[in-house]
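Beneath this line is the structure, given in C-alpha cells, with notes to follow.
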Amino acid sequence: MMNEWFEAITPDVMADLFEDLLAEASEEENISILFNMLQKCLGVAAHGCETGQGALQKHGVVGAVAILSFLREHLRRDCGALANGVLRRFYNAAHRKLIAAHRDEQAHLFHELRASIARLIEKPYSHMFFLNCINETLMSTAELKSFILSDEVRCAIFRLDPSEQMFAGAGERPGL
C-alpha cells in the first residue's frame, strides 16, 4: 500500500513535501536532518564498499564530504569556545577517516564513523550536541535549507530505497 502511494506521487510533489518539511522544521530539527543525511551518505558509501559498487560508494562519499566541509566552513572563526574547537577537531577527524575508508575501501571504517556520529545525534547527547552546533556555526537558516536541498547532497543519499529517490528532486539520480 505504501509503495503504491509513493509510486502514484510524482517526484515533483515529493520534492515539494521535502521542502515543506524543511520549512516547518526548527533550527535544531534542520541540523538534525543534516546529520541524519550525513549518516545516510555514510551508509550508502558503506553499502557500495561492501557490495563492490564503486559508483554507489563514490556518491555516498561525495555527499558526506560535502556535508562535513559545509559544517567545517561555517564554524565560527573568531571564537575560542571549547565546543568550537571540539567540533572543528571532530569534523577534521571524520573527514580524514572518510577519505581513508574510501581510499582503502574499508567498509568497517564507514561503519565506525557512523557509530561515532550516532552516539552524538541520539539521546541523551543529541540536544546539547545540536545546540552546540547551532551556537558555534555561522549560517542562516535559509543557507542551511538551501544546502540540504542542493543536488550535491540530496542526490547523494537517495540511492537505495526507491521511495527515497523521489525526495531527490530534479537533479540527476544515477541508478545502482
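Values in this text are rule-based calculations from the coordinates and carry no lab data. On a predicted model such as this, the values are computed, not experimentally measured, just so you know. Ideal geometry is used to build each Cβ from the backbone, glycine not excepted, and the neighbour counts take in all protein chains shown.
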Quiz item: Given a Förster radius of 25 Å and the C-beta distance between residue 81 and residue 146 as r, what FRET efficiency does 1/(1 + (r/R0)^6) yield to the nearest 0.05?
Solution: 0.45
Quiz prompt | Calculated FRET efficiency for the pair residue 96/residue 53, C-beta based, R₀ 30 Å, to 0.05 | solution = 0.80
Quiz prompt | Potential extension, residue 131-residue 17 segment - 0.36 nm per residue separation minus Cα distance | solution = 38.4 nm
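With +1 assigned to the C-beta of every Lys and Arg and -1 to the C-beta of every Asp and Glu, and no other charges, what is the dipole magnitude of the range 34-128 about the Cα centre in debye, to the nearest 20?
The dipole of the range 34-128 has a size of about 280 debye.
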Quiz item: Which chymotrypsin sites (Phe, Trp or Tyr not before Pro) from the range 32-92 combine a DSSP loop assignment with at most 10 other Cβ atoms within 10 Å?
Solution: none
Practice problem: Go through the range 48-124 and name the trypsin sites (Lys or Arg not before Pro) that are in a DSSP coil and have 14 or fewer other Cβ atoms within 10 Å of their Cβ. | Solution: 77
Quiz item: Taking 0.36 nm per residue of separation and subtracting the Cα-Cα distance, what length does fully extending residue 122 through residue 104 add?
Solution: 3.6 nm
Practice problem: Give the cross-link partners of residue 97 among the lysines, using a straight C-alpha distance below 19 Å as the criterion and excluding same-chain residues fewer than 8 apart. | Solution: 40, 58
